[in-house]
1. Work from the charge dipole of the chain (Cβ charges, +1 for Lys and Arg, -1 for Asp and Glu, about the Cα centre) and give the residue of Gln81, Met29, Leu66 farthest towards its positive end.
2. So, by mean Cβ neighbours within 10 angstrom, what's the order for 19-26, 71-78 with the highest one leading?
3. Expressed in nm to one decimal, what extension gain is obtained for the pair Ser55 and Val85 from 0.36 nm per residue of sequence separation less their Cα-Cα distance?
4. Specify whether the C-alpha gyration tensor of segment 25-70 places it in the rounded, prolate or oblate class, a ≥ b ≥ c being the square roots of the eigenvalues: rounded for a/c under 1.5, otherwise prolate if a/b is larger than b/c and oblate if not.
5. Tell me what the chain gives for mean residue ellipticity at 222 nm when only DSSP H runs of n ≥ 4 count, each as -39,500 (n - 2.57), the sum divided by the residue total, rounded to 500 deg cm²/dmol.
6. For P(r) over Cα pairs in 10 Å bins from 0, in percent, one of [x] 11, 38, 35, 15, 1; [y] 13, 41, 39, 8, 0; [z] 13, 52, 33, 2 was computed from the structure I shared and the rest are decoys. Which label?
7. Work out the length of the dipole vector of the chain about its Cα centre, built from +1 on the beta-carbon of each Lys and Arg and -1 on the beta-carbon of each Asp and Glu, and round it to the nearest 20 debye.
Amino acid sequence: MTLGLAVPSAHAQNLDAASSEALAATLEMLTDPSQRAGAIAGNSDARAMDQKIRSLTGSDQLTEELYRLAAQIFEDLGRSQGGDVGKMLGALEQGQQDPAALAAMLSPATLARLRELATKISDQRK
């Protein structure tokens, strides 16, 4: 599953082979329900996060959309931060305090998808 890895984002940097493989494995795990279930089953923190996500989305369909969006965000961050895990984590932490800064690192397609999913989740909760 390539998930658009061949199409770099606007702020893309070339990833080394190891970073590219690690990013591809993470993206596949996020988008493949069976792989994700295995990862969740083996980690209590992941189970708790999955339960929060399911509670937020309110449906299996929106849960899957959220995980696909998370994969797209990781792809954007991986490319914009040159595959540096420390920088990616720093960007996510910064995004908790300053969502606009995180949004600036995302592609226009990812931002559009984020807005669309937020609207769907909001509509579902009404």
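Rule-based calculations on the coordinates, nothing more; no lab input. Everything quoted here is computed from the prediction, not taken from an experiment. Positions of Cβ are backbone-derived with ideal geometry, glycine not excepted, and every protein chain shown enters the neighbour counts.
1. About the Cα centre, the residue reaching furthest to the positive side is Leu66.
2. Output ranking for 19-26, 71-78: 71-78, 19-26.
3. This chain segment gains 8.0 nm when fully extended.
4. Oblate shape, in that a/c is at least 1.5 and b/c is the bigger or equal ratio.
5. -24500 deg cm²/dmol
6. Given [x] 11, 38, 35, 15, 1; [y] 13, 41, 39, 8, 0; [z] 13, 52, 33, 2, the calculated one carries the label [y].
7. Dipole about the Cα centre, nearest 20: 440 debye.
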